[in-house]
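A short write-up of the structure that comes next.
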Protein chains: 4
Amino acid sequence: MNFNIIRCGRAVLHVTDLERSKAFYEALGFVITESDSDCVYLRGLEEHNHHSLLLKEKDEPVVEAISYKVYSDEDLDQLAGHFESEGTKVKWLEKGSQHALGRAFRIQDPQGLPVEFYAEMDSVDRLLQRYDLYRGAKVQRIDHFNCAVKDVQQSYDYYINELGFACSEYTVDDKDNIWAAWLHRKPSVHDVAFMNSDGPRLHHIGFWLKDPMSLIDGCDVLASMGYAKNIERGPGRHGLSNAFFLYLRDPDGHRIELYNGDYLTSDPDFKPVKWDLNDPLRQTFWGHEAPDSWFDEASIVLDVHTGEPVETGEPKLKKTKPQFMI
Amino acid sequence: MNFNIIRCGRAVLHVTDLERSKAFYEALGFVITESDSDCVYLRGLEEHNHHSLLLKEKDEPVVEAISYKVYSDEDLDQLAGHFESEGTKVKWLEKGSQHALGRAFRIQDPQGLPVEFYAEMDSVDRLLQRYDLYRGAKVQRIDHFNCAVKDVQQSYDYYINELGFACSEYTVDDKDNIWAAWLHRKPSVHDVAFMNSDGPRLHHIGFWLKDPMSLIDGCDVLASMGYAKNIERGPGRHGLSNAFFLYLRDPDGHRIELYNGDYLTSDPDFKPVKWDLNDPLRQTFWGHEAPDSWFDEASIVLDVHTGEPVETGEPKLKKTKPQFMI
Amino acid sequence: MNFNIIRCGRAVLHVTDLERSKAFYEALGFVITESDSDCVYLRGLEEHNHHSLLLKEKDEPVVEAISYKVYSDEDLDQLAGHFESEGTKVKWLEKGSQHALGRAFRIQDPQGLPVEFYAEMDSVDRLLQRYDLYRGAKVQRIDHFNCAVKDVQQSYDYYINELGFACSEYTVDDKDNIWAAWLHRKPSVHDVAFMNSDGPRLHHIGFWLKDPMSLIDGCDVLASMGYAKNIERGPGRHGLSNAFFLYLRDPDGHRIELYNGDYLTSDPDFKPVKWDLNDPLRQTFWGHEAPDSWFDEASIVLDVHTGEPVETGEPKLKKTKPQFMI
Amino acid sequence: MNFNIIRCGRAVLHVTDLERSKAFYEALGFVITESDSDCVYLRGLEEHNHHSLLLKEKDEPVVEAISYKVYSDEDLDQLAGHFESEGTKVKWLEKGSQHALGRAFRIQDPQGLPVEFYAEMDSVDRLLQRYDLYRGAKVQRIDHFNCAVKDVQQSYDYYINELGFACSEYTVDDKDNIWAAWLHRKPSVHDVAFMNSDGPRLHHIGFWLKDPMSLIDGCDVLASMGYAKNIERGPGRHGLSNAFFLYLRDPDGHRIELYNGDYLTSDPDFKPVKWDLNDPLRQTFWGHEAPDSWFDEASIVLDVHTGEPVETGEPKLKKTKPQFMI
């Protein structure tokens, strides 16, 4: 089945101090498309759509939605129809109800993640060649979501069989159970990854950088502005995905990955790379072990229908600390 | 119409001294998958298919074919059927007739370019994380073909309307005629570009690098091995495509572009970037004018049916030297 | 003889439109220490002295002085005494007569260059770790002067035998005459270079960058701000000095080199590297030939006593265009 | 007093398996000048002297000597005379007794470090522009020694007042005692650093890289060759010295620092940078805390007269783990 989902599109996060968050993301090198007293709309330098990160000031720092862009409004309708036909409740947000966005709908996916689909978002000037505006890590574009779920096998089956994603890499435990999986629609390593952990939670949002030096520059600029403590892990290289990575915690603890070093996954005969959970090169091709916070902490998500936090539960597979996610 | 062409796949070049060419491409950072006394099969470090560049030792340094990979054998049959239905002669090369390749067919495209399609190529080990084998410019993968044609508008219409390519950027002259166009199937800036010039000829084959420093490293390594004279143009940045580029001439004069700095073109609402032919930033965002050789010289192509060189002709639009292609 | 000259220290340039020049140098990544309606004082990010480039608004774009820092006021007095003893007229500028500078003196060197010596300059905050202030090419510090003189052998002898410089690299013509020489006091490739050309003129002032990517970033930023035309040559690598270089012309035509890739020249047993004038790798290890402007144009210098431009004359050795300087 | 010590020159290390060590250092990007069954002589790519690292196969992995190059044999004699006059026992090693080295002498410095001085070492081809030979982290040259001593104040006084070193940066505890000091003869941040710890020991030898990307490349190459576990700390940036750093442990546990990002310290009016021991930016401007091994482990040194290991003792100032050295 193929509903023409194009790529991961945006995330909607709640933050508790908008000015503080705005300052952080600006230091990191995001472009502020628009902001008011309630919201900040952020995008990367090459993005021609209005935003890929929407921050709303609220009491609790949670995840309202992670969103995918589909090809057309017809695809959107077909996809909504598909969800309804399988008994998934669809919540429509008509055009005009969300700033800069066309009509969209949200569902709670089988593992409880708040997922949004839309086809249309306002166009803005792409700033790719406005090098005079490049700052910090010079964030280029949204790349992926990384989600903690209780049952990775189920997410894997659902996204591949129902939604038409393809798998680039995956991790199995010693009984060959799928521990984590990297799935894509655009031909990169991933638009979304799922890992075995307390779920549902959003582990991080990945943003693409133009080159490795931008990541180093980002570290230097953040440190010089007092944000050294927001650097949680890295720089390092993941074996899985080959990413040159840096993990940051925003002022509310939402985790951002800066990411460079992917590869093209366009080919149907590309064989997904299989990693053993205990292969030491998988998580960290080189560099240090991740700190505990990286394994234990992730953002709580909201129920798209009730607006309440979704309760998390224990994962299906036994947690084994050092390498349960990447 | 969409025949599920995935991406540009390989080029087949004739060279006059195989050992000399092999030494050059190895210095440049290609992986030699296989070679014998007649042929060298080369690939980039991240490629999981057998080769993206096939060199055959022959008397004349010409282009035998530029090839696209399609999704499946069914797509291949449908595509061949389409060509036949519109009166284009199809030359099949059955499986086994070309080393490491499944069945394939070739056509002469409307502007006279020798184009091949295939679905299947042997798999080999991807060397993405064998950093100990990285050499020279550390070539990662094939990215695009750049072709000189007499009538860009016709190629543009044909590849977009008949073959399902999309346009990322294009150049117009002062009468708004399309002077050059960058077309893609994979969501990068291009799989193929067409420029107004004496055609049909192959101007260059572009290969993707992992970062800008690999291009600088490539220059240093080539120069230290006596290949400084093979550097024709660059390093520089194109306004059009935003590529950080280097143009090289192989020992027979075939032109290779090392390329980094693209962007994602996945979105249907991405508006193709329009450039004026005389915008000085278009060709060279910074850096020097291209040398005459870069404007004047390109590789002759063969007729897929007769095996003879295809005669070139004057382009439809008046040549205006400084900016007629990128 | 060793008068404890430490390093090249600053240049004093006349420019015809101070605001225009200030904008250019700021885009390039200099720090503006101070500016008023007559002068702009610029420095690099790691410099702890007040300035390394002083621009004065005047009618003609000429060079008022190139300056060396000596160890102490005693060294300054000894050096002045030495010049006087050999019949060179010394012009003292007492403390207070030049902003932010201690007492200094100026001479016209044997080839007619306006040279200044000083021991003391005001200290300012070093901004090395204020990465949030890094802009453009992130200029770090002054590195060297490159001067066109009529008789390189004479300059070579004078600076080495009289002033205690050491030679790192030099070029000879086919009769083994010294064509160009790179001389240093600090253990880098040079504080000053002399080349056979119409002299005396200042060919360029070199500034040190922290890494090669800063040079690429500088090109991108300059181009995005409309300064692409100010890029005269490069990026490329010189065989001589191993520098990764970029040459820029400021709005008045004064030439600035951005420079990275030197080596340590501390050792007395380091043998100066000898280059043949016609070795193609000498000038440009890789990359393109320099444009004519780079060979022909340089800044006129002033007489330190009369304040009038110094008349230039033909060089002693026959000019041979493609490689007469680096 | 100034005995014309030029720079740190070489280290002589004992290793327990020469082939294993040779393989490691070659992977790291050193040039092997010579090797036989007992010794390996290694140097960086820009070094014109025979070696900067000498490995001898022995039963115990200890440090035989850290060596400084002086200007001339006369300086060497004067320096030896100075040591003898102050009662320090001098051990001469006449020319011919050490391969590729002129006459040299060794002393035990006041804190017990085995220090060697020499003026002359054989010249070899500098490989700076043999980019085709660049491998791994492309090590350029030796940069500094970092030593653990019991009484930093004493080392500081001795090296500055007796041997003519200058201080670039230093750390004080909350009572303003000198905790660590970075001292130089060449105008970089250091030729030697001393830190308060169990001493005397050699904490690490620093080698200079040409740019930050070489450090990243080094990590990738080492990991792909099975040396990921030898990466102990980094990449990161030190606040103190501004170095972009990576710490490695060789197969015997000797620690190597890869280092880039220094600044020029030539000026007599450069004010040493003072850091508070508890300033979190001092050790790690950004990036993670050093692992315990980095604080606790260092190489034992030999007595230059007896050839026996020098017993270590407790440092004078109270150890405070997180930040006692850099």
The protein assembly as shown: translational diffusion in µm²/s, Stokes-Einstein, Kirkwood Rh over Cα pairs, 20 °C, 1.002 mPa s: 65 µm²/s
Amide H neighbours of C:Leu53 under 5 Å, counting only residues 5+ apart in sequence or on other chains, H built in-plane at 1.01 Å? C:Ala11, C:Leu42
Step through the residues of segment C:219-233 one at a time and calculate ³J(HN,Hα) from phi using the Karplus curve (6.51 cos²θ - 1.76 cosθ + 1.60, θ = phi - 60°), rounding each to whole Hz and writing x for Gly and Pro. 4, 4, 5, 4, 4, 5, 9, x, 9, 4, 5, 7, 7, 9, 7
Summing +1 for each Lys or Arg and -1 for each Asp or Glu, what net charge is found among the other residues whose Cβ lies under 10 Å from the Cβ of C:Tyr159? -3
Around C:Thr312, with a cut-off of 9 angstrom between Cβ atoms, what is the net charge of the other residues, counting Lys and Arg +1 and Asp and Glu -1? -1
Using a Förster radius of 60 Å, what is the FRET efficiency between C:Asp36 and B:Glu94 based on their Cβ-Cβ separation? Nearest 0.05, please. 0.15
Ordered by fewest other Cβ atoms within 10 Å, a rough proxy for footprinting exposure, B:Glu257, A:Glu94 read A:Glu94, B:Glu257
Shape call for chain D, from the Cα gyration tensor axes a ≥ b ≥ c (a/c under 1.5 means rounded, otherwise prolate when a/b beats b/c, else oblate), comes out rounded
Taking chain A and counting helices only, DSSP H stretches of n ≥ 4 at -39,500 (n - 2.57) each over all residues, the nearest-500 ellipticity at 222 nm comes to -4500 deg cm²/dmol
Specify the inter-centroid distance of segment B:45-79 and segment A:84-117, based on alpha-carbon positions, in whole Å. 43 Å
Shape call for segment C:167-326 from the C-alpha gyration tensor, a ≥ b ≥ c root eigenvalues: rounded (a/c under 1.5), prolate (a/b greater than b/c) or oblate? rounded
Hey, got the dipole for chain D? About the Cα centre, +1 on K and R Cβ, -1 on D and E Cβ, debye to the nearest 20? 580 debye
Taking Cα pairs under 8 Å and at least six residues apart, what relative contact order does segment A:138-323 come out at, in percent? 27 percent
Residues whose built amide H sits under 5 Å from the amide H of D:Met121, excluding neighbours closer than 5 in sequence, are D:Gly102
What's the magnitude of the charge dipole for segment B:5-118 around its Cα centre, counting Lys and Arg as +1 and Asp and Glu as -1 at the beta-carbon? Answer in Debye, nearest 20. 100 debye
Once the other residues with Cβ under 15 Å from the Cβ of C:Glu86 are scored (Lys, Arg +1; Asp, Glu -1), what is the net sum? -3
Say the dipole of segment A:1-148 comes from +1 at the beta carbon of Lys and Arg and -1 at that of Asp and Glu; which of A:Gly29, A:Gly87, A:Cys147 then lies farthest toward its positive end? A:Gly29
Given H placed 1.01 Å from N in the peptide plane, which residues other than close sequence neighbours of D:Lys210 have an amide H under 5 Å from its amide H? D:Gln140
On average over all directions, what projected area in square nanometres does segment A:5-118 have, based on the convex hull of its Cα atoms? 7.5 nm²
In what order do A:Tyr170, D:Tyr134 fall by count of nearby beta-carbon atoms within 10 Å, going from fewest to most? A:Tyr170, D:Tyr134
Sort C:Thr265, A:Thr88 so that the residue with the fewest other Cβ atoms within 10 Å of its own Cβ comes first and the one with the most comes last. A:Thr88, C:Thr265
Considering the options C:Gly136, C:Tyr68, C:Ser123, tell which one lies farthest towards the positive end of the dipole of segment C:1-144, charges being +1 on Lys and Arg and -1 on Asp and Glu at the Cβ, about the Cα centre. C:Gly136
Taking segment B:5-118 and dividing mean pair separation by its residue count, relative contact order in percent (alpha carbons under 8 Å, at least six apart): 26 percent
Evaluate the relative contact order of segment D:54-105 (contact order divided by residue number), counting alpha-carbon pairs under 8 angstrom at least 6 apart; express in whole percent. 21 percent
Taking the Cα centre of the protein assembly as shown as origin, sum charge times position over the Cβ atoms of Lys and Arg (+1) and Asp and Glu (-1), and report the length of that vector in debye to the nearest 20. 0 debye
From the alpha carbon gyration tensor of segment C:193-240, can you work out the equivalent ellipsoid semi-axes (sqrt of 5 times each eigenvalue) and give them in Å, largest to smallest? 24, 15, 9
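Coordinate-derived values only; no laboratory data. Being a predicted model, the structure only gives us computed values, none of them experimental. Don't worry about glycine lacking a Cβ; one is built from the backbone with ideal geometry, like all the others, and counts go over all protein chains shown.
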